[in-house]
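Engineer: One structure follows; several queries about it will come next.
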Amino acid sequence: MNKNLFNTIVGLTLVLCLTASCNRKPKNGRTDTYSSGTIKFVSDESFSPIIEEEIEVFQHIYPNAKLIPQYTNELDAVNMLMKEQTHLAITTRRLTDREDQNLKDRRFLPASVPLAYDGLALIVNKDNPDSIISVQDIKLILSGKVSKWDKLYPDSKLGDIEVAFDNKQSSTVHFCVDSLLDGKPINSPNIYAVKKSAEVIDFVEKHPNSIGIIGSNWLNDKRDTTNVTFKKNIKVMAVSKIHPATAASSWKPYQFYIYNGNYPLVRTIYALLNDPIHGLPWGFVNFIAADFRGQLVIHKAGLLPYRGNMTVRQVDISTE
């Protein structure tokens with residue numbers, strides 16, 4: 001065979017092979033990289049304000065990346081991860097040992113990455129005169145042992161205590177069951193499970209005798225960069241580890257009181273991953289967890305960053 005002809009055939013073969021290789025998608029159909037491509041992921045709905053801000057900043061830095069969140073309850077989010085319907089879920093718990101081993105057996109390289117600490121807030125109607133409560137009293141309400149406001153506050157005229165949650169399968173409900181009731185079910189006679197966190201706030205606004213339990217990132221007034229001002233249309237209760245609660249022993253879910261351990265209702269936010277190719281899910285999670293800009297978004301939202309440096313400063317709070 002003519003040498004020039006041989007070289008031409010070899011060259012064409014290499015070009016065709018490289019072209020076919022470039023156009024061939026992976027068997028799983030994914031083409032995303034650490035900082036590009038398109039992915040869908042799931043998150044507990046109670047974190048949607050923070051997730052939306054993180055997506056906005058990340059996509060600004062990496063314009064070739066597109067992140068599409070699906071907000072649901074925590075139970076469904078984990079189930080979707082285990083069924084390979086997503087490679088990233090934002091929750092308030094780690095993968096269990098059983099879940100972790102199941103994913104390892106399927107070569108999915110699972111990981112549970114802590115992102116932030118969130119204070120679970122108790123909110124009441126702005127006209128409710130009572131604004132402090134002990135952890136013991138919260139347990140009595142959720143267990144159904146106390147169902148009237150005057151059993152906690154003898155002068156109260158509010159009648160039945162109505163309790164509102166964001167979703168019956170949410171991370172908020174799981175926290176109350178696991179951390180406050182030692183695994184026993186919530187047994188209050190007047191429980192209302194709405195669909196979204198914003199609806200908990202609406203419920204409390206319209207029902208003077210209600211108490212809502214909600215993630216604190218829904219409550220901050222975005223105009224206040226010090227994170228010491230909550231929304232004006234509801235009242236955030238101060239919670240005490242000591243019973244009975246006093247003003248001196250009760251704390252609101254401000255960042256510093258989460259940081260120093262004074263506020264008792266704190267949960268950790270995790271990113272759960274089953275991404276074997278270390279693509280865009282990993283890129284986004286590492287941005288939130290380790291990048292200064294990702295942790296700054298968490299700080300500005302009023303939560304406590306998991307790895308961010310905490311600067312403590314004196315802030316004067318007006319009571320007017």
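The values are calculated or read from the model by the stated rules, or taken from the named source; none is laboratory data. From a predicted model like this one, the values you see are computed outputs, not experimental measurements. Every residue, glycine among them, receives a Cβ derived from its backbone with ideal geometry; neighbour counts consider all protein chains shown. Accessible surface areas use protein heavy atoms only, side chains included; no ligands, DNA or RNA. Shrake-Rupley method; radii C 1.70, N 1.55, O 1.52, S 1.80 Å.
Engineer: Restricting attention to strands (runs of 3 or more DSSP E) lying wholly within the range 40-128, give those where 1 or more residues are touching a strand residue (DSSP E or B) at 6+ places or on another chain (Cβ under 6 Å), surrounded by fewer than 18 Cβ atoms within 10 Å (Cβ to Cβ) and among the basic types (Lys, Arg).
Structural biologist: On the way: elements: 65-72, 88-91, 111-125.
Filter on the range 40-128 gives 65-72.
Engineer: So, one more: Would you mind stating whether residue 239 is modelled with pLDDT of 95 or more and open to solvent by less than 40 Å² (accessible area, probe 1.4 Å)? So that I can check it myself, show each step before the final result.
Structural biologist: On the way: modelled with pLDDT of 95 or more: yes; open to solvent by less than 40 Å² (accessible area, probe 1.4 Å): yes.
Yes, satisfied.
Engineer: Another question about this same structure. Looking at the range 64-85, I want the residues that are of a type in the set (Ser, Thr, Tyr) and have a partner that is loosely packed, with under 15 Cβ neighbours inside 10 Å and not in a helix (DSSP H, G or I) with Cβ atoms under 7 Å, at least 6 apart or on another chain. Which pairs are those?
Structural biologist: No pair meets every condition.
Engineer: Can I ask one more? Checking residue 195 against (1) under 17 Å from residue 49 (Cβ atoms); (2) out of contact with any Asp or Glu (no Cβ under 9 Å at 6 or more places or on another chain); (3) not in a helix (DSSP H, G or I): exactly one of these is not met. Which one?
Structural biologist: (2)
Engineer: Taking residue 202, is it modelled with pLDDT of 95 or more, farther than 22 Å from residue 264 by Cα, part of a helix (DSSP H, G or I) and among the charged types (D, E, K, R)?
Structural biologist: Values: modelled with pLDDT of 95 or more: no; farther than 22 Å from residue 264 by Cα: yes; part of a helix (DSSP H, G or I): yes; among the charged types (D, E, K, R): yes.
No, not satisfied.
Engineer: Would you pick out the residues in the range 129-160 that are assigned to a loop (DSSP other than H, G, I, E, B) and among the hydrophobic types (A, V, I, L, M, F, W, C)? Walk me through how you get there before you give the answer.
Structural biologist: From the range 129-160, those assigned to a loop (DSSP other than H, G, I, E, B) are 129-131, 144-147, 152-159; that's our starting set.
Of everything in the range 129-160, those that are assigned to a loop (DSSP other than H, G, I, E, B) and among the hydrophobic types (A, V, I, L, M, F, W, C) turn out to be 146, 152, 158.
Engineer: A follow-up question, please. Which number in (1) in a loop (DSSP other than H, G, I, E, B); (2) under 21 Å from residue 218 (Cα atoms) marks the one condition that residue 293 misses?
Structural biologist: Only one criterion is unmet by residue 293, namely (1).
Engineer: Of the residues 270, 257, 263, only one is open to solvent by 40 Å² or more (accessible area, probe 1.4 Å) and among the hydroxyl-bearing types (Ser, Thr, Tyr); which? Walk me through how you get there before you give the answer.
Structural biologist: Details: 270 fails: open to solvent by 40 Å² or more (accessible area, probe 1.4 Å); 263 fails: open to solvent by 40 Å² or more (accessible area, probe 1.4 Å).
257 is the lone residue from the list that is open to solvent by 40 Å² or more (accessible area, probe 1.4 Å) and among the hydroxyl-bearing types (Ser, Thr, Tyr).
Engineer: Now for a different question. For residue 147, are the conditions met, namely being open to solvent by 30 Å² or more (accessible area, probe 1.4 Å) and of a type in the set (S, T, N, Q)?
Structural biologist: Details: open to solvent by 30 Å² or more (accessible area, probe 1.4 Å): yes; of a type in the set (S, T, N, Q): yes.
Considered against the rule, which asks whether it is open to solvent by 30 Å² or more (accessible area, probe 1.4 Å) and of a type in the set (S, T, N, Q), residue 147 comes out as yes.
Engineer: Collect the residues in the range 144-155 that are in contact with a helix residue (DSSP H, G or I) (Cβ under 9 Å, 6 or more places away or on another chain) and hydroxyl-bearing (Ser, Thr, Tyr), keeping them in residue-number order.
Structural biologist: Going residue by residue through the range 144-155, those that are in contact with a helix residue (DSSP H, G or I) (Cβ under 9 Å, 6 or more places away or on another chain) are 145-147, 151-152.
Of everything in the range 144-155, just one residue is in contact with a helix residue (DSSP H, G or I) (Cβ under 9 Å, 6 or more places away or on another chain) and hydroxyl-bearing (Ser, Thr, Tyr), namely 147.
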